[in-house]
1. Pull out the extension gain between residue 47 and residue 246, defined as 0.36 nm times the separation in residues minus the alpha carbon to alpha carbon distance; nm, one decimal.
2. Between beta-carbons, use under 11 Å as the cut-off and find the net charge around residue 130, counting Lys and Arg +1, Asp and Glu -1.
3. Between the helical axis of 60-86 and the dominant principal axis of the chain, each derived from Cα atoms, what acute angle in degrees is found, rounded to the nearest 10?
4. At a threshold of 8 angstrom on Cα-Cα distance, excluding pairs fewer than six apart, so keeping six or more, what relative contact order does the chain reach in percent?
5. Where a Cα-Cα gap under 19 Å defines reach, which lysines qualify for residue 196, not counting those fewer than 8 residues away within the same chain?
6. Report the residue, chosen from 47, 268, 285, that carries the largest GNM mean-square fluctuation when the chain is represented by alpha-carbon nodes joined by springs under 10 Å.
7. Can you return the lysines within cross-link range of residue 162? Criterion is Cα-Cα under 24 Å, with same-chain partners fewer than 8 residues away left out.
8. To the nearest 20 debye, what charge dipole does the chain have about its Cα centre, counting +1 at the Cβ of each Lys and Arg and -1 at the Cβ of each Asp and Glu?
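Each reported figure results from applying straightforward, stated rules to the coordinates on display, with no laboratory input. Treat the numbers as computed from the prediction; the structure is a model and nothing was measured. Note: ideal-geometry Cβ built from the backbone for every residue, glycine included; neighbour counts use all protein chains shown.
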Amino acid sequence: MSVWEPEPDEIFIARAPVTFATGAATRVSGMRWFRDPERNDIQSELVGWPEGPTYAAHSVGGTAARTTAKGVATVVGVAVLAFLSAHGGNLSGFSGSERGTDTSDDQADEIDDFPVMWAEPGSIARALPWQLDPSRSSEKRYRTHAVITDRRLVIVGFPYIKGHHYRVDDDFLWATPRSTIEKIELRDFKSGQDTKIAFTDGSWCRLSSMNRERLTRYLIEPLDFIPLDALTPAQRNTAEAFAVAQAPDAELPLVKRNSCGCFRVEVVALSAVDAVFGHSGLDMVMDANGTELKLTEYHPEDFLT
């Protein structure tokens, strides 16, 4: 088994599961399209891609009928939940998304259509690997992850065996320098797991990740890590001691200063990669004196968002 590793002088920052997103609005539910800027379907033009399904958006009439049926079902479901709650029923299995929303601010690309690739010939997004497409590569047998470094966004993939979370044998699939990424947009419609990555050549893609925060945080935030030799002796001792206590192959600690004046110390290790969740990261917060804080001592700025 072999986990993908960065170059010796490249900093491994994060790893998260990722696929092309899937439509959630009734008209495009369960579907996705690959488009050029004229909104033509280009999936048959994607070099090296195996044949995939051809989708057609649901008709307006059919959509209205399904929406009505869904509305009735929702009303009935709410009534049932209210009844169970009033009569002591167990509602532990019922949960909702904390970040998703039923309101879309992108009618063209979330309601009427659902492109996950928007790309002209030769553009960055058009080179993305077909393994990201759940319709061509089942997650039951193969998983794809995004790796974030200080230089690149990388896509890797590996055969997946259920129950073997730490069995990861990576195939390198694709990479692009960070300098080619123009903008990251968090798309919260429905699941709250989608991200639109726009590239400097005008192409873009829409990806989905159950661990979106790991995927996007260090593509959005500046990489203003503090060199260890810029810390006070007490701060450096705390940061290095935390790293040593983690996995044997832990990288040097990544230290950032929070707006409250405390410091977040994060450690990553290739051996801790999980086939389902990617790399969760190991972190703690210390104050300006180098004292590790208990969770109850965190300021609001110390919590990851």
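1. Net length gain for the segment: 67.4 nm.
2. Details: positive: 136; negative: 51, 133.
Cβ neighbours under 11 Å give a net charge of -1.
3. 60
4. Working: 548 pairs, mean separation 65.7, N = 305.
Taking the mean separation of contacting Cα pairs over the length of the chain, I get 22 percent.
5. Correct list for residue 196: 183.
6. 47
7. 140
8. Computed about the Cα centre, the dipole is about 1020 debye.
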